[in-house]
Amino acid sequence: EVVPGDAVAFLAFKGGDAYAEQQRELEKNPAYRMGVREFERMLGMPLSSLLKVFEDEVALYVRPGSPIPEVTLLIEAPNEQDTLSKVDTAITALTKALPAEPCHAPTQEAGVEVECVGLEEVELRWAAFDQMVMVTIGQGAIAELRSDDDKLADEEGFNDARDAAGMPNESVGFIWLDLED
């Protein structure tokens, strides 16, 4: 209901029990465990802490943009500050290995405090608001999410595809692509 109506790709999933069970199964694999240990050393936090961020509903969408499309990750966050802290820690750790620099972008958007780091061609922004945490490369994404403009849930093409697929109102996850646009 908050994703802008001009999105051309949308992925949604819910964590929860099924997600936790898949994680337990993966942990039985020695190669996976070794890779996780290396990732945790790089990240500076247990992977399990980061994965808790994805326990609730998660959405990833793409909107047209120039020169590159806007990509935005939305994470349902009943505890905004806890989720934001985990995301902040992960981004800080990941940017240590990349050529990153401070942004020159405003630190607020639509009344929301925004963190930002420049990564070569894009600026990565993240913030917590309205019981969600957003990570995006788009300028103006928060304003667009909070606006009264058309939303993806109201778009005819999206609803036609959902109806044709027989998708229930609640699902564990799905992917939608607007191949025409």
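The values are calculated or read from the model by the stated rules, or taken from the named source; none is laboratory data. Source: prediction; values computed, not measured. Here the Cβ is made from the backbone with ideal geometry for all residues, glycine too, and neighbour counts use every protein chain on show.
A few points about this structure:
- Answer residue from segment 34-93, given it is of a type in the set (Lys, Arg) and over 26 Å from LEU177 (Cα atoms) and is modelled with the lowest pLDDT among those: LYS52
- Residues (farther than 28 Å from ASP149 by Cα, in contact with a helix residue (DSSP H, G or I) (Cβ under 7 Å, 6 or more places away or on another chain) and at pLDDT 85 or above) located in segment 1-33: TYR32
- Selected residue [closer than 22 Å to SER85 by Cα and assigned to a helix (DSSP H, G or I)] from ALA31, ALA20: ALA20
- Number of residues in segment 65-103 that are under 20 Å from GLY44 (Cα atoms) and among the hydrophobic types (A, V, I, L, M, F, W, C) equals 9.
- Residues that are within 30 Å of ALA141 (Cα to Cα) and surrounded by 14 or more Cβ atoms within 10 Å (Cβ to Cβ) within segment 10-38 comprise PHE10, LEU11, ALA12, PHE13, LYS14, GLY15, TYR19, listed in sequence order.
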